[in-house]
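Engineer: Structure incoming, see below.
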Amino acid sequence: MRRLLLTLETPAANLALDEALLDTAEAEGPAAEVLRLWESPQPVVVLGRSSRVEEEVDVSVCTERGIPIFRRSSGGAAIVAGPGCLMYAVALSYDRRPEARGIHASHAYVLDRLAGALRSHVGTVERAGTSDLALIDRTGTTAARKFSGNSLRVKRTHFLYHGTLLYNFDLTLITACLKSPPRQPEYRQARGHREFVVNLTASWQTLESALAAAWPTQGELKDWPRARVEALVNERYGQQEWNLSYGRR
């Protein structure tokens with residue numbers, strides 16, 4: 001597995017790069033597995049592939065604040081990203097990781113591995129809901145609080161798993177930009193965003209170390225798929241029809 005520490009200039013290009021890394025791995029085989037880390041320099045709302053923007057996002061607030069809305073290639077609900085929200089992505093081979101084959105198995109495989117790497121740095125972390133990581137209060141005084149949301153894109157021989165790690169994010173943006181999600185995990189207990197989501201007490205460097213422990217790499221990926229990123233931006237991520245229309249393929 002190679003490592004790619006790269007934030008591109010636009011949200012569209014950053015979202016396209018995750019998909020392009022999956023496409024490359026699918027074309028080139030197991031040796032093309034990659035771990036990517038990046039962080040948006042500006043607040044941005046990112047819809048899930050099948051999200052309905054009017055159900056999940058307060059578009060008027062986003063417009064007023066100049067926060068753009070995009071759509072990713074993977075499932076799940078809308079998120080807000082930006083400074084203080086570390087984004088990671090792994091493109092993984094089913095041939096190398098047969099225990100991860102299947103939707104539920106993929107979630108468990110990636111999140112249990114990441115949770116284990118984080119525990120020594122931030123405390124008790126558990127996989128929660130379908131695809132969250134949460135901080136657990138072992139005293140039972142407070143309910144579990146989410147710090148990481150994740151989603152999945154599957155192809156024939158590889159899958160893309162990517163998500164967020166909140167560590168110094170302006171959590172008020174989540175309350176302002178996102179409506180209450182139409183589907184909620186049981187552990188949320190109908191809490192509002194501010195009571196449910198939390199920042200980790202960890203630095204960017206600490207989280208980078210945890211990700212490196214979860215996904216050991218051998219060198220940097222220097223030849224990332226520039227042409228494929230450009231094509232995806234032109235065809236999809238740079239198009240309002242893709243970003244704001246429901247269920248586009």
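Quick note: the coordinates plus some simple rules give every number you see, no bench work behind them. Worth saying up front: this structure is predicted, and the values here are computed from it rather than measured. Cβ: placed from backbone, ideal geometry, glycine included. Neighbour counts: every protein chain shown.
Engineer: What residues qualify as long-range amide H neighbours of residue 76, i.e. H under 5 Å apart, gap of 5 or more or another chain, H built at 1.01 Å from N?
Structural biologist: Close amide H contacts, sequence-distant or interchain: 49, 50.
Engineer: Hey, got a sec? Which chymotrypsin sites (Phe, Trp or Tyr not before Pro) in the stretch 160-249 land in a DSSP loop and have at most 13 other Cβ atoms within 10 Å?
Structural biologist: Here the chymotrypsin sites (Phe, Trp or Tyr not before Pro) that fit, given the DSSP loop and packing criteria, are 246.
Engineer: Enumerate the calculated ³J(HN,Hα) couplings along the stretch 106-119 in order (Karplus 6.51 cos²θ - 1.76 cosθ + 1.60, θ = phi - 60°), each rounded to whole Hz, writing x wherever the residue is Gly or Pro.
Structural biologist: Listing the rounded values in order: 5, 4, 5, 4, 6, 6, 5, 5, 5, 4, x, 6, 7, 4 Hz.
Engineer: Okay, next question. Counting C-alpha atoms alone, how compact is the stretch 161-249: give Rg to one decimal and Dmax as a whole number, in angstrom.
Structural biologist: Considering the stretch 161-249 through its Cα atoms, Rg and Dmax are 17.9, 45 Å.
Engineer: OK, next. In the calculated pair distance distribution of the chain, what percentage of Cα-Cα distances lie above 32 Å? Don't skip to the end; give the middle numbers.
Structural biologist: Working: 4741 of 30876 pairs.
Summing the P(r) tail past 32 Å for the chain gives 15 percent.
Engineer: Further question: By per-residue mean of other Cβ atoms within 10 Å, what is the highest-first order of 214-227, 89-102, 144-157?
Structural biologist: Result, highest mean Cβ count within 10 Å first: 144-157, 89-102, 214-227.
Engineer: Between residue 7 and residue 95, 0.36 nm times their residue separation minus their Cα-Cα distance comes to what?
Structural biologist: Working: separation 88, 0.36 × 88 = 31.68 nm, distance 2.89 nm.
Full-extension gain reported as 28.8 nm.
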